[in-house]
Amino acid sequence: MSKFKRWMILVIVSSALLLIVMDMTILYTALPSLTHDLGASASEKLWILNGYSLVMAGLLPAMGTLGDRLGHKKIFTLGLLVFSAASLAAAFSPIPAVLVMSRILLAVGASMMMPATLSIIRVTFTNERELALAIGIWGSIASGGAGLGPIVGGLLLQHFWWGSVFLINLPIAMIAFVFALKIIPKHQGDASKKWDFTSSIQIMIAMVGIIYSIKEFTRREGSLTLAIIAAVIGVLSLIIFIRRQNNSINPLLDLSLFKIPRFSTGFITALVGLFAQMGVQYMVTQRLQLVEGMSPLQAGLFTVSIPVAALIAGPVTGAIMHRVDVVYIKSFSLFIAALGMGTYLMYFNAGFTGQILGLALLGAGLGSGMTAASHSIMSYAPPHKAGMAASIEEVGYELGGASGIAIIGSMSTLFYTLAMKIPAGFSVPANAKDSLDEALIVAESLPAASAESLKNAAFAAFDQSFFVVIAGVTAFLIIAALIMSWVAVRLKRAKNKIAEG
């Protein structure tokens, strides 16, 4: 295969990957408009965001194995068609329920494509240096592309209605489909591999149950009984799934791969990295629009430092991967991300320049970390399990992204509700304490002086919840992952000394 053709294949799969990860965040800037136009509640709003990532994470293992069985090109091209149809349905959704279902169909198409992107890269690039660089580009798009979502959404909303954030997928997906048919070589697959759809349903139930439990527990007037039932269902499904995998001759996910230290630390880096990026970006874009009064485009441009830094750091990291041990790269990347988070929090109320610098450091650390994580996972997994390894990595991405939005979003709602003090003498609907969006909608129907008082109370409550959640949850997880990676470095040094001695 010629060098030009190899890099063209990378462009094709990268364009599909860009659409997949952008759809995780493109609604961040569209959410206030969408919530207002469709009348979505706080709970519906989170499901519109989370349904995509949760369903994708549940289906990724099955689709990765199906790609190994039927051929990655076939699954990739079919995924592009499903993704296109779902984008069209989402763009013209008349009510929140239809949009949630359309997002679930989008997740089906995305889950077909995403494992195939890494698997196609793995079989296309046989030279170690080229493979490292290709994975570096893939990793930078996986992290940086998600950062571009709010910017693209802001640009579209400057001129069109919220449905345009889905319609933008169609031309890109169709062009990728045509070129994929012509350029990507056919991969026969291995018909002897089993496709365990039951296990995929089990892990999806586990994740939805656990996330729903968190959301119900943190919701104002949420049912503790429902939260406990959902948690029990989720945990039991997870236990059943793990037992099924350990007892299966052809498991959907080969959990023995996690016994490989570099593989497992790569997975944790991917999980924590996407958790931090999705959660932080969700909260920051909401605050910029709802508290600072920025337009969707302005909010997107404010956070552009995250994807730009990630897109630069990823390929640079890939280019030096063959010279520096990946364990050291992961540790340094997490340190930079933690430094960025600390810088942002330091300038939280002290000026935009420091905030932008902090977000840039966060993006650079996460972009580099994603590249190192991808390299660890794909390089240390057996070649015949490339699809499975890719799907495990992407489960880490999607689970991190979904849990980041769900946990940080739900905890933000909880702390907002606790901090929100309705001004004395006000008679307003109870949902004003559910979220800042709903408080602002309530304020629209009040006299000017009363509306101003309600808004100020809501802004103060949101900022309190914002700082507590970002500092208490996200920063803690990044630092915990950094410590884990540092311990791995120390253990590696100790083993090297023993081997040398």
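The figures follow:
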| quantity | calculated |
| --- | --- |
| Residues whose placed amide H lies under 5 Å from that of ASP254, excluding near-sequence neighbours | none |
| Among [x] 53, 31, 22; [y] 65, 31, 23; [z] 36, 25, 23, the entry that matches semi-axes √(5λ) of the Cα gyration tensor in Å as calculated here | [z] |
| Protection proxy ranking, peptides 115-125, 170-180, average beta carbon neighbours within 10 Å, highest first | 115-125, 170-180 |
| Heavy atoms of THR225: accessible area, 1.4 Å probe, square angstrom to 10 | 90 |
| Contact order relative to length of the chain, as percent, for alpha carbon pairs under 8 angstrom and 6 or more apart | 22 |
| Integer Hz, Karplus 6.51/-1.76/1.60 couplings in order for segment 289-295, x for Gly and Pro | 7, 7, 9, 7, x, 6, 6 |
| Rounded if a/c under 1.5, otherwise prolate or oblate - segment 29-132, Cα gyration tensor axes | prolate |
| Accessible carbon and sulfur surface of the chain relative to its total accessible area, %, 1.4 Å | 69 |
| Heavy atoms of LYS186: accessible area, 1.4 Å probe, square angstrom to 10 | 150 |
| Shape category assigned to segment 147-294 from the gyration tensor of Cα positions, a/c cut at 1.5 | oblate |
| Protein-only accessible surface order, largest first, of ARG69, ARG262, ARG129, ARG490 at 1.4 Å | ARG129, ARG490, ARG69, ARG262 |
| Extension gain, VAL123 back to LYS421 (0.36 nm per residue minus Cα-Cα distance, nm) | 101.5 nm |
| Surface accessible to a 1.4 Å probe, per residue, for the residues of the chain, Å² | 39 |
| Overall form of segment 65-123 per C-alpha gyration tensor (a/c, 1.5; a/b vs b/c) | prolate |
| Accessible area, probe 1.4 Å, largest first, for residues PHE459, PHE92 | PHE92, PHE459 |
| VAL308 - accessible surface, heavy atoms, 1.4 Å probe, Å² rounded to 10 | 70 |
| Structure-based [θ]222 nm, the chain - -39500 (n - 2.57) summed over DSSP H runs of at least 4, per residue, nearest 500 | -28000 deg cm²/dmol |
| Peptide ranges 100-111, 196-207 listed from the most packed, as the mean C-beta count within 10 angstrom indicates | 100-111, 196-207 |
| GLU128, GLU452, reordered so the largest accessible area comes first (probe 1.4 Å) | GLU128, GLU452 |
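The values are calculated or read from the model by the stated rules, or taken from the named source; none is laboratory data. What you see is a predicted model, and the numbers here were worked out from it, not measured in a lab. Please note: Cβ atoms are built from the backbone with ideal geometry, for glycine as well, and neighbour counts cover all protein chains shown. Ligands, DNA and RNA are excluded from the accessible area calculation, which covers all protein heavy atoms including side chains. Shrake-Rupley method; radii C 1.70, N 1.55, O 1.52, S 1.80 Å.
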